[in-house]
1. Go through the residues of the range 288-302 one by one and say whether even a single one is outside any loop (DSSP other than H, G, I, E, B), of a type in the set (A, V, I, L, M, F, W, C) and touching a Ser or Thr at 6+ places or on another chain (Cβ under 6 Å).
2. Of the numbered conditions (1) without any contact (Cβ under 8 Å) to a residue 12 or more places away in the chain; (2) under 26 Å from G237 (Cβ atoms), S202 satisfies every one except a single condition; which is it?
3. Do we find a residue being β-branched (V, I, T) and within 21 Å of the chain's Cα centre (by Cα) anywhere in the range 116-124?
4. Of these, S62, S56, which one is surrounded by 15 or more Cβ atoms within 10 Å (Cβ to Cβ), modelled with pLDDT under 90 and out of contact with any Pro (no Cβ under 8 Å at 6 or more places or on another chain)?
5. Only one of these conditions is not met by F150: (1) within 30 Å of N254 (Cβ to Cβ); (2) not in a helix (DSSP H, G or I); (3) not small (G, A, S). Which number is it?
6. Name the single residue that is nearest to I218 (Cα to Cα) among those in the range 166-190 being buried (at least 22 other Cβ atoms within 10 Å of the Cβ) and β-branched (V, I, T).
7. Condition test on A241, is it more than 15 Å from the chain's Cα centre (by Cα) and buried (at least 24 other Cβ atoms within 10 Å of the Cβ)?
Amino acid sequence: MEKALNNSGPAAAKPGHRAKRAEPGRRGAKDALEWLMHTIFLLCGIVAVGFVLVISVYLIISGVPAMKEIGLTDFLLGQTWAPTASDPSYGILPFILTSIYGTAGAVLIGVPIGLMTAIYLAKVANPRMAAVIHTAVELLAGIPSVVYGFFGMLIIVPAIRSMFPGQTIGDSLLAVILILAIMVLPTIVSVSETSLRAVPVSYREASLALGTTPVKTIFKVTVPAAKSGILAGVILGVGRAIGETMAVIMVAGNVVQMPSILGTVRLMTTGIVIEMSYSSGLHRQALFAIGLVLFVFIMIVNIAFTYISRKGVQMERD
């Protein structure tokens with residue numbers, strides 16, 4: 001009996017010893033996997049930042065020499081763009097103002113419509129109606145820019161021409177604003193709806209328990225709680241509007257002049273695309289400088305919206 005116990009003791013202990021020996025190996029494999037994934041995440045972040053730095057450096061190297069040769073004031077505030085004339089001029093103020101007016105108009109029209117649509121989908125609509133509208137919004141997001149341009153040429157431009165006979169040919173800043181307002185809707189609706197759905201239900205329940213009406217709860221409680229996400233949607237919409245090219249080319253008229261609501265115009269993006277194919281020398285460098293101005297403008301918009309968002313959060317905390 002004792003021999004049997006003595007023989008069985010070491011044999012019974014062997015599995016435990018094996019498990020203990022196996023633990024360091026498993027831990028080492030897990031640590032290696034964690035290190036590998038951490039490295040992959042870090043590399044992806046570095047690549048994303050690297051793309052921004054490369055684009056920024058390239059635009060600066062390509063555009064700054066033209067600004068120096070032309071003169072910063074003449075370049076930004078000049079009202080005449082005639083790069084192929086015998087006495088060339090490189091003033092881009094009409095491009096800048098047209099881009100600002102077009103983007104601002106699209107945001108003024110698109111943001112209220114997009115926000116109201118997002119509120120309806122997130123807080124008011126029944127599931128069937130929400131599914132139908134979701135499908136329509138997704139289709140809008142998937143339509144190519146050139147299709148928007150055809151729609152503008154065939155529907156919006158003739159409509160403007162018939163509404164203001166003798167005052168415009170239809171290709172105008174107004175057509176640009178309307179087509180851009182339609183194009184920013186999917187981005188604003190999707191991001192705003194996601195932000196509104198992320199607001200805790202307890203906020204709404206507490207407001208209703210205090211006797212507030214559902215509509216007032218939406219605008220006084222839910223929307224302020226989701227304003228950071230809504231601002232993010234607006235920023236993305238502004239980026240889409242100011243960077244759009246193909247659809248704008250087809251409805252703007254593409255004449256370089258100071259902007260008027262019913263007059264033909266040319267934006268910064270369309271100016272680069274139209275003239276890049278035949279430009280050379282200083283003319284080509286000036287187009288890169290326009291791209292640099294556009295890049296800086298987008299950065300200023302992003303920084304401004306981020307500051308406003310953070311300022312609002314700080315005021316709520318205080």
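1. Checked against the condition, which is being outside any loop (DSSP other than H, G, I, E, B), of a type in the set (A, V, I, L, M, F, W, C) and touching a Ser or Thr at 6+ places or on another chain (Cβ under 6 Å), the range 288-302 yields at least one hit.
2. That leaves (2) as the condition not met.
3. yes
4. S62
5. Unmet condition: (2).
6. Selected residue: V189.
7. No.
Yes/no per residue for (1) free of Cβ contacts under 8 Å to residues at least 60 places away in the same chain; (2) part of a helix (DSSP H, G or I); (3) under 22 Å from Q257 (Cβ atoms):
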| residue | (1), (2), (3) |
| --- | --- |
| L43 | yes, yes, no |
| V47 | yes, yes, no |
| V52 | yes, yes, no |
| S56 | no, yes, no |
| L59 | no, yes, no |
| G63 | no, yes, no |
| M67 | no, yes, no |
| D74 | yes, yes, yes |
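The values are calculated or read from the model by the stated rules, or taken from the named source; none is laboratory data. Here the structure is a predicted model, which is why all the values come from computation and not from measurement. We place every Cβ from the backbone using ideal geometry, glycine too, and count neighbours over all the protein chains shown.
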